[in-house]
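Notes follow once the structure below has been shown.
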Amino acid sequence: KSILISCPHENVSTKFLAPYTTFCRIHQKSITCLDISSGGGLGVSTSTDGTMKIWQAANGEIRRLLEGHVYDVNCCRFFPSGLVVLSGGMDAQLKIWSAEDASCVVTFKGHKGGILDTAIVDRGRNVLSCSRDGTARLWDCGKSACLGVIADCGSPVNGIAVGAADDSLNLGTPEKAPSEREVGTEGKILLLAREDKKLQGVGLQSRQPVFLFIGSDAFNCCTFLSSTYILAGTQDGNVYQLDVRNT
């Protein structure tokens, strides 16, 4: 999507790039989620057409069709390796896929409602999910097992994010020793964007509440700006920037 104009006699050239590129052949209906691999070579996306696909980021050429969820797929993301994809769907299942051959290598079951968002802890030995059933869960990829319910909110959890906490934050102490299968949870805080207008922070390893903020409407999504600042968006269009040390 570019034009190169050159003048060999003057030994000069200019390359004009198209302002944007549209990949219109990947999905036929609304796209609900997408992610790009760590190397930037591949994209993965989900759609209300009921499909999840892996495609070339450079030209939109479809590489793999990931089939296995029963209903709509709500979320997808690459593991840091760029070779594996994590997805969650309305069938309450969390799945791990090979980006190389489209095989589903792991299926996690335990949620009682559709999965709305996911997160990956460090390199991906543990992953997280949140659901319409009001819970956020931690999973062990190697054993295909749930390591525990991190939070039970009593209200749908629309989005989550995990990040390193500032040293000044008190993340609490676990009531019992963490499983040896938990990897990378120490010093992390889990953000929960809740349907009941609450944004909550929970110590990932301790499972203890760190803060609770009440917004103007349902929180749909959240992310970390740094170890102290976070962003969260609500249903009524507000974006909140918060300092977790003063929340």
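The values are calculated or read from the model by the stated rules, or taken from the named source; none is laboratory data. As the structure is a computational prediction, the values presented were derived from the model and not from experiment. Neighbour counts run over all protein chains shown; Cβ positions are idealised from the backbone, glycine included.
Among residues belonging to segment 102-132 that are among the charged types (D, E, K, R) and in contact with a Gly (Cβ under 6 Å, 6 or more places away or on another chain), point out the one that is farthest from ARG77 (Cα to Cα). Filtering first and then ranking leaves ARG132. Determine whether segment 1-15 contains at least one residue that is within 22 Å of ILE115 (Cβ to Cβ) and either in the same structural domain as ARG132 (by TED's automatic domain parsing) or among the hydroxyl-bearing types (Ser, Thr, Tyr) (or both). Taking every residue of segment 1-15 in turn, none turns out to be within 22 Å of ILE115 (Cβ to Cβ) and either in the same structural domain as ARG132 (by TED's automatic domain parsing) or among the hydroxyl-bearing types (Ser, Thr, Tyr) (or both).
Results for (1) touching a His at 6+ places or on another chain (Cβ under 8 Å); (2) under 21 Å from MET52 (Cβ atoms), shown as yes or no for each residue.
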residue: CYS104; (1), (2): no, yes
residue: PHE108; (1), (2): no, yes
residue: ILE120; (1), (2): no, yes
residue: ARG125; (1), (2): no, no
residue: SER129; (1), (2): yes, yes
residue: ALA136; (1), (2): no, no
residue: TRP139; (1), (2): no, yes
residue: CYS146; (1), (2): no, no
residue: VAL149; (1), (2): no, no
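Does GLY134 count as buried (at least 16 other Cβ atoms within 10 Å of the Cβ), of a type outside the set (Val, Ile, Thr) and free of Cβ contacts under 8 Å to residues at least 24 places away in the same chain? Judged against the criteria, GLY134 is a match. Only one entry in VAL162, VAL149 is under 16 Å from ASN220 (Cα atoms) and of a type in the set (Val, Ile, Thr), namely VAL162. Here the condition is being buried (at least 17 other Cβ atoms within 10 Å of the Cβ) and at pLDDT below 95; of LEU169, LEU191, LEU204, LEU242, it holds for LEU169 alone.
From the list ARG64, ARG77, the lone residue that is under 28 Å from GLU186 (Cα atoms), surrounded by 15 or more Cβ atoms within 10 Å (Cβ to Cβ) and modelled with pLDDT of 95 or more is ARG77.
Here is a yes/no grid of residues against (1) in contact with a Leu (Cβ under 8 Å, 6 or more places away or on another chain); (2) free of Cβ contacts under 8 Å to residues at least 12 places away in the same chain; (3) of a type in the set (Val, Ile, Thr):
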| residue | (1), (2), (3) |
| --- | --- |
| CYS7 | no, yes, no |
| TYR20 | no, yes, no |
| ARG25 | no, no, no |
| GLY41 | no, no, no |
| VAL44 | yes, no, yes |
| THR51 | yes, no, yes |
| ILE54 | yes, no, yes |
| GLY68 | no, no, no |
| CYS75 | yes, no, no |
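Of the residues that make up segment 98-110, is at least one crowded, with 22+ Cβ neighbours inside 10 Å and in contact (Cβ under 8 Å) with a residue 40 or more places away in the chain?
no
Scanning segment 74-90 for residues that are within 13 Å of the chain's Cα centre (by Cα) and either part of a strand (DSSP E or B) or assigned by TED's automatic domain parsing to the domain that holds CYS130 (or both) yields ASN74, CYS75, CYS76, ARG77, PHE78, VAL85, LEU86, SER87, GLY88, GLY89. Taking the numbered list (1) surrounded by fewer than 22 Cβ atoms within 10 Å (Cβ to Cβ); (2) in contact with a Ser or Thr (Cβ under 7 Å, 6 or more places away or on another chain) in turn, SER227 passes all entries but (2). What about GLY154, is it at negative phi, small (Gly, Ala, Ser) and at pLDDT 95 or above? Spelling it out, it is not the case that GLY154 is at negative phi, small (Gly, Ala, Ser) and at pLDDT 95 or above. Within segment 111-131, restricting attention to residues that are part of a loop (DSSP other than H, G, I, E, B) and touching a Cys at 6+ places or on another chain (Cβ under 7 Å), which residue is surrounded by the fewest Cβ atoms within 10 Å (Cβ to Cβ)? Once the filter is applied, the top-ranked residue is ARG125.
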